[in-house]
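Visitor: One structure is given below, represented as structure tokens, and several questions about it will come after.
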Amino acid sequence: MEPIKTEILVLGAGPGGYAAAFYAADKGRKVIMVEMDKRLGGVCLNRGCIPSKALLHAAALITEARDSVNRGITFGEPKIDLEKLRAWKNSIVEKLAGGVAGLAKQRGVEVLHGRGYFEDSKTLRVETEDGQKFVTYDAAIVAVGSKSAMPKAFDLGNPRIMTSREALEVPDIPGTLLIVGGGYIGMELGTVYATLGSKVVVVEALGSILAGADADLIRPVQKYAEKAFKEVRVKTKVLSMATAGKQIKVIMETEGKKAEELYDRVLVSVGRVPNHADLGLENTKITRDDRGFIKVNEKQQTNDPSLYAIGDVAGGVLLAHKATREGKVAVDAITGEFETLDKYVVPAVVFTDPEIAWCGLTETEAKEKGITVKVVRFPWAASGRALTFDRTDGLTKLVVDPETERVLGAGIVGHGAGELIGEMVLAIEMGATAYDLASSVHPHPTLSETIMECAEVFYGNATHTFTRRGPSAKES
């Protein structure tokens with residue numbers, strides 16, 4: 001069979017893969033993108049970021065309606081039509097996936113649907129519905145993503161034990177739901193199910209939920225979860241699960257004490273593993289680390305010169321926007337336009353209630369690395385905008401170099417934190433100082449003012465909160 005020839009092949013059509021393919025096409029390269037699923041967009045669009053945010057929005061509407069009684073507005077109890085909710089969520093996914101397919105066509109990116117397998121470093125075999133096809137290329141980008149980890153002890157083949165993929169389909173509203181893992185997936189989906197009516201218990205093996213975020217950012221989310229969920233247990237390990245009729249029997253241990261409990265459903269969200277089984281990587285020079293992630297250099301290049309890897313399969317923080325950026329880095333390297341840059345800032349957002357977002361150096365990292373910083377905070381209780389919609393549980397914080405006054409990191413917890421963190425990413429990327437933020441006029445009344453006033457706290461002259469006087473702005 002005569003192989004199909006292309007300049008750049010992209011294996012995987014998630015946010016990293018299709019961004020890389022489109023970027024390469026925009027640079028005039030001939031590109032073929034291979035995707036096993038019938039819909040483009042990868043896990044993020046089809047079974048992750050997008051559907052979960054749709055369900056979180058629906059949950060937020062219910063919460064806001066319930067809380068409106070404090071404003072003198074009372075609604076009746078919500079009636080939930082799961083079929084309609086699923087259809088609405090799926091319509092969003094289909095529209096976005098169709099948009100990606102349309103953009104691929106406009107750019108001239110050829111899409112092959114099927115499973116890819118590396119015959120060698122320069123050839124990919126694709127198993128399509130029309131039979132085998134072989135693609136040869138100058139360079140290939142592996143962007144196959146990751147999948148939910150399912151420990152063997154929990155893998156009973158029982159549909160009542162779910163990963164995020166099944167949970168996002170909302171098969172029903174279980175009376176009781178155990179969530180194993182207090183990371184961002186567990187806490188986000190716990191928020192959805194608790195709001196829909198499930199009694200949710202979250203168990204986390206570590207000493208805190210949402211590992212990676214600073215403690216002061218986690219605190220408002222912990223407080224919300226303790227009210228909305230039945231229980232949040234930390235330092236708790238699940239030892240075993242077993243089918244018990246129409247329920248799941250779970251044995252867990254908390255600080256040496258064992259307990260046996262029954263749940264209608266269990267969501268296992270204990271992390272993700274690289275999705276590269278049966279790709280033929282052994283036929284290439286690609287190497288992997290001890291966790292199975294593909295090893296890459298600063299150009300996203302693997303040990304095989306013609307192969308690159310981006311996104312979740314390459315490890316690091318498993319975030320869609322990181323994959324997108326890495327896709328462009330890989331394409332620039334392939335086309336010879338790569339320049340060594342300072343490490344780019346990757347923001348993280350957890351869409352809990354309230355949201356948490358951070359970027360750059362965290363306060364925890366500064367302490368662990370012995371970096372001298374000054375941390376300043378502005379409470380949203382002092383924000384007029386936050387007061388207008390009863391969400392004063394937020395906080396904006398900056399991590400600042402006390403010598404240069406340069407902003408090294410930022411964290412925000414509160415309603416819409418994910419929309420606010422972009423300003424801080426730009427500030428850190430541009431090497432902005434606290435004075436740059438403090439002296440930039442922000443619109444009133446908005447939550448963005450909390451960034452400006454937090455920077456003013458550094459100098460001791462924030463208008464809406466009193467702090468001890470810091471260095472004079474004139475000295476900066």
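Visitor: Using the charge dipole of region 145-230 (Lys, Arg: +1 at Cβ; Asp, Glu: -1 at Cβ; taken about the Cα centre), state which of G157, S146, A215 has its Cα farthest towards the positive end.
Guide: Of G157, S146, A215, it is G157.
Visitor: Further question on the same structure: Given R₀ = 22 Å, FRET efficiency for K5-K299 by Cβ-Cβ distance, to 0.05?
Guide: For K5 and K299, the calculated efficiency is 0.40.
Visitor: Calculate what fraction, in whole %, of the accessible area of the chain sits on carbon and sulfur atoms when a 1.4 Å probe is rolled over the protein chains. Could the numbers behind the result be given before it?
Guide: Details: 11690 of 22840 Å².
Percent of accessible area from carbon and sulfur atoms in the chain: 51.
Visitor: Hey, what's the chain come to in accessible area per residue, 1.4 Å probe, Å²?
Guide: Accessible surface, normalised per residue, equals 48 Å².
Visitor: To the nearest 500 deg cm²/dmol, what mean residue ellipticity at 222 nm is calculated for the chain from DSSP H runs of n ≥ 4 alone, each contributing -39,500 (n - 2.57), summed and divided by the residues? Walk me through the numbers before you get to the answer.
Guide: Details: 13 runs with 148 residues, N = 476.
Estimated from H runs of four or more residues: -9500 deg cm²/dmol.
Visitor: Rounded, prolate or oblate, given the Cα gyration tensor of region 226-355, with a/c below 1.5 counting as rounded? Walk me through the numbers before you get to the answer.
Guide: Details: a/c = 3.32, a/b = 2.02, b/c = 1.65.
Prolate, since a/c reaches 1.5 and a/b exceeds b/c.
Visitor: Another one. When a/c is below 1.5 the answer is rounded, else prolate if a/b is larger than b/c, else oblate, so apply that to the chain with a ≥ b ≥ c taken from the square roots of the Cα gyration tensor eigenvalues.
Guide: Verdict is oblate for the chain.
Visitor: Between R115 and L103, what is the spin-label point distance in nm, taking each point 7 Å from the Cα along the Cα→C-beta axis?
Guide: 2.9 nm
Visitor: On a straight-distance basis, which aspartates and glutamates could pair with K295 in a cross-link, Cα separation under 17 angstrom, same-chain partners fewer than 8 positions away excluded?
Guide: E282, D304, D312, E326
Visitor: Kindly write out, for region 117-128 in residue order, the coupling ³J(HN,Hα) from the Karplus curve 6.51 cos²θ - 1.76 cosθ + 1.60 (θ = phi - 60°), rounded to whole Hz, with x marking Gly and Pro.
Guide: Karplus-based 3J(HN,Hα) across region 117-128 equals 8, 6, 6, 6, 5, 10, 9, 10, 8, 10, 8, 9 Hz.
Visitor: Separate question: About the Cα centre of the chain, what is the dipole size in debye to 20, counting +1 per Lys and Arg Cβ and -1 per Asp and Glu Cβ, all else neutral?
Guide: 820 debye
Visitor: What dipole magnitude, in Debye to the nearest 20, does region 1-89 give about its Cα centre under +1 on Lys/Arg Cβ and -1 on Asp/Glu Cβ? Kindly include the intermediate steps, with their values, before the conclusion.
Guide: Values: 14 positive and 10 negative charges, 13 e Å.
For this selection, approximately 60 debye.
Visitor: Let me know the volume per residue of the alpha-carbon convex hull for region 255-306, in Å³.
Guide: For region 255-306, the hull spanned by Cα atoms encloses 168 Å³ per residue.
Visitor: Can you give the charge dipole size of region 156-276 about its Cα centre, rounded to the nearest 20 debye, using +1 on the beta carbon of Lys and Arg and -1 on the beta carbon of Asp and Glu?
Guide: Taking the Cα centre of region 156-276 as origin, the dipole is about 200 debye.
Visitor: Starting from the amide H of R115, placed 1.01 Å from N in the peptide plane, find each other amide H under 5 Å away whose residue is 5 or more places distant or on another chain.
Guide: Close amide H contacts, sequence-distant or interchain: E127.
Visitor: Next question, about the same structure. Using label points projected 7 Å from each Cα along Cα→Cβ, tell me how many nm separate D390 and L239, to one decimal.
Guide: Roughly 4.4 nm, to one decimal.
Visitor: For K95, which lysines qualify as cross-link partners when the Cα separation must be under 20 Å and same-chain residues fewer than eight apart are set aside?
Guide: Those lysines meeting the cut-off are K38, K53, K84, K105.
Visitor: State the extension gain, in nm to one decimal, for the chain segment bounded by K199 and A65, taking 0.36 nm per residue of separation less the distance between their alpha-carbons.
Guide: Numbers: separation 134, 0.36 × 134 = 48.24 nm, distance 1.96 nm.
Here the segment from K199 to A65 would lengthen by 46.3 nm.
Visitor: For H415, tell me the accessible area in Å² from a 1.4 Å probe, rounded to the nearest 10.
Guide: 90 Å²
Visitor: Using label points projected 7 Å from each Cα along Cα→Cβ, tell me how many nm separate M430 and K84, to one decimal.
Guide: Using points 7 Å along Cα→Cβ, the separation is 4.5 nm.
Visitor: How much length is gained on full extension from A215 to D130, taking 0.36 nm per residue of separation minus their Cα-Cα distance?
Guide: 25.2 nm
Visitor: Label 7 Å along Cα→Cβ of K257; region 231-248 residues with amide nitrogen under 15 Å?
Guide: Inside the label zone: 232-237.
Visitor: In terms of the Cα gyration tensor, with a ≥ b ≥ c the square roots of its eigenvalues, is region 411-460 rounded because a/c is under 1.5, prolate because a/b exceeds b/c, or oblate?
Guide: oblate
Visitor: If R₀ is 51 angstrom, what is the calculated FRET efficiency for the pair D138 and R406, using the beta carbon separation as r and rounding to 0.05?
Guide: Values: r = 41 Å, r/R0 = 0.81.
Efficiency for this residue pair is about 0.80.
Visitor: Can you find, among G16, A357, T463, the residue sitting farthest towards the positive end of the charge dipole of the chain, where Lys and Arg contribute +1 and Asp and Glu -1 at Cβ?
Guide: A357
Visitor: Enumerate the helices in the chain for which the Kyte-Doolittle hydropathy averages -1.0 or more and the C-alpha atoms extend at least 15 Å along the helix's axis, using complete DSSP H runs.
Guide: Helices meeting the span and hydropathy rule in the chain are 49-67, 82-107, 184-196, 215-228, 320-334, 417-429, 449-459.
The values are calculated or read from the model by the stated rules, or taken from the named source; none is laboratory data. Remember, predicted model here, so these are calculated numbers, not experimental data. So basically every Cβ, Gly included, is an ideal-geometry build from the backbone, and we count neighbours across all protein chains shown. Heavy atoms of the whole protein, side chains included, go into the accessibility calculation; ligands, DNA and RNA do not. Shrake-Rupley method; radii C 1.70, N 1.55, O 1.52, S 1.80 Å.
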